[in-house]
1. Just checking, which of Glu249, Glu235, Glu213 is among the acidic types (Asp, Glu), out of contact with any His (no Cβ under 7 Å at 6 or more places or on another chain) and more than 26 Å from Val84 (Cα to Cα)?
2. Among Ala128, Ala123, which is the only one that is among the aliphatic types (A, V, I, L, M), crowded, with 24+ Cβ neighbours inside 10 Å and under 28 Å from Asp245 (Cβ atoms)?
3. List the pairs whose first member sits in segment 36-63 and is on the phi < 0 side of the Ramachandran plot, whose second member is part of a helix (DSSP H, G or I) and of a type in the set (Lys, Arg), and whose Cβ atoms are under 7 Å apart, counting only residues at least 6 apart or on separate chains?
4. Which residue is nearest to Pro293 (Cα to Cα), if the candidates are limited to segment 141-192 and must be among the basic types (Lys, Arg) and at pLDDT below 95?
5. Among the residues of segment 116-123, is any farther than 22 Å from Lys155 by Cβ and either in a loop (DSSP other than H, G, I, E, B) or within 15 Å of the chain's Cα centre (by Cα) (or both)?
6. From Asn53, Asn45, which residue is in contact with a Lys or Arg (Cβ under 6 Å, 6 or more places away or on another chain) and at pLDDT 95 or above?
7. Residues that are surrounded by fewer than 17 Cβ atoms within 10 Å (Cβ to Cβ): which strands (runs of 3 or more DSSP E) entirely in segment 209-301 hold 2 or more of them?
8. Between a first residue in segment 125-136 that is free of Cβ contacts under 8 Å to residues at least 40 places away in the same chain and of a type outside the set (Val, Ile, Thr) and a second residue that is assigned to a strand (DSSP E or B) and surrounded by fewer than 24 Cβ atoms within 10 Å (Cβ to Cβ), which pairs have beta carbons less than 9 Å apart while being 6 or more apart in sequence or on different chains?
Amino acid sequence: MSTAASASRAENASVSLVTGAAGFLGSHLVDRLLAEGQVVVGVDNLSTGRTENLAGAMKSANFTFVRADITQDFELPDLSYAYVWHLASPASPKDYRRLSIETMMVNALGTKKMLDLALAHNARFLLASTSEVYGDPEVHPQPEDYWGHVNPVGKRACYDEGKRFAEALTMEYYRRHNVDVRIARIFNTYGPRMQADDGRVVPNFILQALRGEPLTVYGNGTQTRSFCYVDDLVEGLVRAMILPDLVGEVFNLGNPEEYSVRELAQVIADLCGVPLRVVHLPLPPDDPRRRRPDIARAERILGWTPRTPLTEGLRRTVAHFREAGS
């Protein structure tokens, strides 16, 4: 049994509030918390989340779903919240460009409202931040003390700078109000329940391969990414929140194994049983050339490291998309 699992089971009367609960990552976190005996209230406005992601959670008497925009006024069940997990935000470039101002507001006003809730309930607060705070990094791999290389007026800034502001605000609630905050910078994560049409590389490649289409590669395919399976990522989030004495800590959570986009395309084509064919398109603006986390801090403090090999995680993800008939 993991350290985090032991801790959360010991506190099985605790109540968690999860924003972005119907999203890819949020729904997996909800399932994990329910499995460990927590009472969970999930909030989502369904701008990018889907209720079908919560099909299992909806069967639990310990789960309540609130459809709401956290930047607006809304009501929550009258409970004493021990943990506030703030995952609400569009996360794919396609979504945060379509919802650019909404993305900035949920990371600014939405973060403030969730921090105020944590303050009022004396709850722990975890911000789901992103590797995008590093921008197109000039340091590789990226440690938590790297400040980043971000274009503040580019098309990705609504998300990049939104998350950077959310981090700064979170730390000010710690410094001024002594809220027990933790920040997780999430690198590329994949797995079942990813949106088929969100424009990210893993679902794009899988869907194109399953349809027998050429895989769309932006640029020459030599740009690199790290890919963390969702179950591993959730384990990291739980440890970052549940373990004691981590107030004000920032953790990179991701898989330090680095793959080029071209290598990923080949693995997915092989798993789908099709020959690799690609179509090259121009790189999007400010697209990072290399992205890989330095997870030494998470390994040392959380005792966390990803366990799922890329091929195994992709096999499960391909099976999900096959079953979904995508």
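1. The conditions single out Glu213.
2. Just a single option satisfies the conditions, and that option is Ala128.
3. If the second residue must be part of a helix (DSSP H, G or I) and of a type in the set (Lys, Arg), the pairs left are Glu36/Arg9.
4. Arg156
5. Looking through segment 116-123, at least one residue is farther than 22 Å from Lys155 by Cβ and either in a loop (DSSP other than H, G, I, E, B) or within 15 Å of the chain's Cα centre (by Cα) (or both).
6. Checking each option against the conditions leaves just Asn53.
7. The qualifying strands (runs of 3 or more DSSP E) are 215-218, 278-281.
8. Final answer for the pair search is Glu132/Arg185.
The values are calculated or read from the model by the stated rules, or taken from the named source; none is laboratory data. Being a predicted model, the structure only gives us computed values, none of them experimental. Cβ: placed from backbone, ideal geometry, glycine included. Neighbour counts: every protein chain shown.
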